[in-house]
1. Conditions first: (1) closer than 14 Å to I20 by Cα; (2) among the aliphatic types (A, V, I, L, M); (3) not in a helix (DSSP H, G or I). L175 passes all but one, so which condition is the exception?
2. Quick check on my filter: what residues within segment 138-194 are open to solvent by less than 80 Å² (accessible area, probe 1.4 Å) and among the polar types (S, T, N, Q)?
3. Take segment 160-175 and flag every residue that is under 21 Å from V99 (Cβ atoms) and of a type in the set (A, V, I, L, M, F, W, C).
4. How many residues are within 14 Å of the chain's Cα centre (by Cα) and within 22 Å of V113 (Cα to Cα) if we restrict to segment 157-181?
5. Could you figure out which of (1) modelled with pLDDT of 85 or more; (2) closer than 15 Å to R38 by Cα; (3) of a type outside the set (S, T, N, Q) isn't true of M167?
6. Which one of these is in contact with a Gly (Cβ under 7 Å, 6 or more places away or on another chain) and touching a residue at least 60 places away in the same chain (Cβ under 8 Å): R146, R163, R172, R185?
7. If we keep just the residues of segment 116-137 that are modelled with pLDDT of 90 or more and open to solvent by less than 50 Å² (accessible area, probe 1.4 Å), which is nearest to the chain's Cα centre (by Cα)?
Amino acid sequence: MLDDSGVDMDEKRTFVRALISTRAKIKLLSPHELEEIRTLRAAALPLQGHPLQPADGEDDAPAYLGELVELLVQIDDKLDRVMDLLIHGKGGDAAPPEVLQTIDISGAGMFMVLSAPLEVGQLLQVTIRFPGFPLGLFKVLGEVVRIEPATEERGVVYHTGVRFLEMTDAERDRLVAYTFMQQRRTIRESKKES
């Protein structure tokens, strides 16, 4: 049901969803690995405020941060590969499906296109890359809640819905801030075109 302004009154979403296409990767988790991550996160000290957040009204971080984030992403990728080799050995588990595209992201979850199917209920660690945003690497735990096979130019792909698990308020605030920043950028660009 729509109200007078065209807003869907039956909408059940708690967070705004934004169409965001960015780089992401997934790591499949067992329930045991999820518990280990929970334990490590509980033991870690929370980050109290962050000096690299953009000032109010600023959408972009200083230029050097993009290069620093790229370097940190590369180091993180290499450390993940080393850890997988140490844990699983050379003949370890098969690689997880590739994230071909992110479709949208909200404070509660995301929708993405994968190269291979996952099972509903599969636990994941999702790493999302936010270009142009301070500390543009965002890791979150998630659970697959929906899979829809689709045929596209590149062949059969799998539209996958993921619900985020156990996000701290600071993490959710950072995700929502990025979502709003992207929406503002999209609005500015559409105004320039018209």
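1. For L175, the exception is condition (3).
2. Of everything in segment 138-194, those that are open to solvent by less than 80 Å² (accessible area, probe 1.4 Å) and among the polar types (S, T, N, Q) turn out to be T160, T168, T179, Q182, Q183, S190.
3. Within segment 160-175, V162, F164, L165, M167, L175 qualify.
4. Total satisfying the criteria: 10.
5. (1)
6. Numbers: R146 fails: touching a residue at least 60 places away in the same chain (Cβ under 8 Å); R163 fails: touching a residue at least 60 places away in the same chain (Cβ under 8 Å); R185 fails: in contact with a Gly (Cβ under 7 Å, 6 or more places away or on another chain).
Criteria check complete, one pass: R172.
7. Within segment 116-137, the first condition is being modelled with pLDDT of 90 or more, and the residues that meet it are 116-126.
Now drop any that are not open to solvent by less than 50 Å² (accessible area, probe 1.4 Å), which leaves 116, 118, 121-126.
Values: A116: 18, L118: 17, G121: 18, Q122: 16, L123: 14, L124: 11, Q125: 9, V126: 6 Å.
Restricting to residues being modelled with pLDDT of 90 or more and open to solvent by less than 50 Å² (accessible area, probe 1.4 Å), the top hit is V126.
The values are calculated or read from the model by the stated rules, or taken from the named source; none is laboratory data. Keep in mind the model is a prediction, meaning the values are calculated, not measured. Backbone-built Cβ (ideal geometry, glycine too); neighbour counts: all protein chains shown. All accessible areas refer to the heavy atoms of the entire protein, side chains included, with ligands and DNA or RNA removed. Shrake-Rupley method; radii C 1.70, N 1.55, O 1.52, S 1.80 Å.
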